Amino acid sequence: MFEISSYSVEWIKDPFGIIAGKRYELLLDIEVDEDDEMYSEQGVSLRVIFKVEDEAQSLVRYEFLERGTGKYLDFEMEPEELIQIDAFCREHYAEGEEPN
């Protein structure tokens, strides 16, 4: 497991209206233990795309990035981490800019 140290949320605009529901991008700065294989001296961020359609909410995709360089880190989340991040997104997605 990892801890979220800071985050930002942004609504992803769909000017052509081709995507069902709303999408939000959450950028999470996470704290990773030094003995974790995902550890980087620059730090690690998690970019999450979260979907809200009617009453349904779900993670669409995620990717780990090295802070500072933006380099993609090829790691998968453990099931308990997915549950943690899904719950976090459900709690915070509404902080993103809503469409007019």
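Values quoted throughout were computed directly from the atomic coordinates according to the rules given, and no laboratory measurement underlies them. Predicted model, so just to flag it, every value in this text is computed and none were measured. All Cβ positions, even for glycine, are placed from backbone atoms using ideal geometry, and neighbour counts span all protein chains on display.
Table for the structure above
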quantity: Kirkwood hydrodynamic radius of region 53-100, from inverse mean 1/r over distinct Cα pairs, in Å; calculated: 12.9
quantity: Amide H within-cut-off set for L73, under 5 Å, with H built and near neighbours excluded; calculated: F64, L65, E66
quantity: Rough spin-label spacing in nm, given labels placed 7 Å along Cα→Cβ, for E76 and E53; calculated: 2.4
quantity: Helix 79-92 vs. the chain, principal-axis angle (Cα, 0 to 90°, nearest 10); calculated: 50
quantity: Leading residue at positive end of dipole, the chain (Cβ point charges), from Q84, M38, G17; calculated: G17
quantity: Rough spin-label spacing in nm, given labels placed 7 Å along Cα→Cβ, for A87 and Y39; calculated: 2.6
quantity: Cα-based equivalent ellipsoid, the chain: semi-axes from gyration tensor eigenvalues, Å; calculated: 26, 14, 11
quantity: Relative packing of peptides 25-35, 52-62 - highest average C-beta neighbours within 10 Å first; calculated: 25-35, 52-62
quantity: Note, ³J(HN,Hα) from phi for region 15-21, Karplus 6.51, -1.76, 1.60, rounded to Hz, x at Gly and Pro; calculated: x, 9, x, 8, 9, 6, x
